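Q: Got a structure for you, written out below as structure tokens; questions coming shortly.
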Amino acid sequence: GVYRKVKHCEVSELRRELSGWGFFTACLTCQPFTYLTEGLNPVTLTTSGTITNPGLLDADPIITVTGTGMLSLTVNKTVHQVSSPAGQVTLDSSRLVAHVSGRVQTDALSEAFPVFKPGVNRITLGAGISKIEIVPNWRNP
């Protein structure tokens with residue numbers, strides 16, 4: 001299936017028609033993409049491998065990297081230097097934020113946030129990374 005992400009919502013005043021019923025109008029502003037529900041399923045890699053983007057557009061994944069220290073995560077040919085002082089860091093490409101234990105870590109990533117191109121994407125786990133968990137966020141126009 002598919003779904004959309006709402007960016008903004010305007011709701012009119014509630015009109016009471018009966019004692020237990022009310023009506024209102026909601027105007028939703030959505031992102032211009034449909035997201036594939038299968039992109040919400042986490043994928044775990046403990047070794048280097050591939051992940052296939054079935055969508056028609058680049059996907060902005062959420063990647064949780066497990067490992068401590070300065071780590072190297074390669075997506076396709078782009079090497080991402082990841083700083084993980086606490087053993088785990090989450091890279092949220094859709095929001096362009098990295099966080100550790102719910103706190104923003106501005107120096108967690110040296111490059112742009114990872115994206116998955118349509119088709120096969122090669123992922124290489126550098127030394128010190130024991131696993132990554134990916135929520136891919138596949139999308140279409």
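Q: Using Cα positions and a limit of under 19 Å, work out the aspartates and glutamates in reach of residue 77, with same-chain residues fewer than 8 apart set aside.
A: Excluding near neighbours in sequence, the set is 58, 60, 111.
Q: Order the following by accessible area, largest value first: 6, 135. Probe radius 1.4 Å; ligands, DNA and RNA are ignored.
A: 6, 135
Q: Could you state the accessible area per residue of segment 10-141 in Å², with a 1.4 Å probe and every protein chain left in place? Show your work: numbers first, answer last.
A: Working: 7480 Å² over 132 residues.
Value for segment 10-141: 57 Å² per residue.
Q: A follow-up question, please. Just from the alpha-carbon atoms, what are the Rg and Dmax of segment 28-141 in angstroms?
A: Radius of gyration, then largest Cα-Cα span, for segment 28-141: 13.7, 45 Å.
Q: What ranking do 9-18, 101-110 get when scored by the average of other Cβ atoms within 10 Å per residue, highest first?
A: By packing density, highest mean first, the sequence is 101-110, 9-18.
Q: Can you give the FRET efficiency for residue 31 and residue 72, using 1/(1 + (r/R0)^6), R0 = 25 Å, r = Cβ-Cβ distance, to the nearest 0.05?
A: Approximately 0.20, to the nearest 0.05.
Q: If you roll a 1.4 angstrom probe over the protein chains with everything in place, what fraction of the accessible area of the chain belongs to carbon and sulfur, to the nearest %? Write down the numbers at each step before the final one.
A: On the way: 4490 of 8270 Å².
So the carbon and sulfur contribution to the accessible surface is 54 percent.
Q: Cut-off under 27 Å on the C-alpha distance; same-chain residues fewer than 8 positions from residue 7 excluded. Which lysines are left, in chain and number order?
A: 117
The values are calculated or read from the model by the stated rules, or taken from the named source; none is laboratory data. The model shown is predicted, which means the values in this text are computed figures rather than measured ones. Here Cβ is always computed from backbone atoms with ideal geometry, including for glycine, and neighbour counts include all displayed protein chains. To get the accessible areas, we keep the full protein, side chains included, count just its heavy atoms, and leave off ligands, DNA and RNA. Shrake-Rupley method; radii C 1.70, N 1.55, O 1.52, S 1.80 Å.
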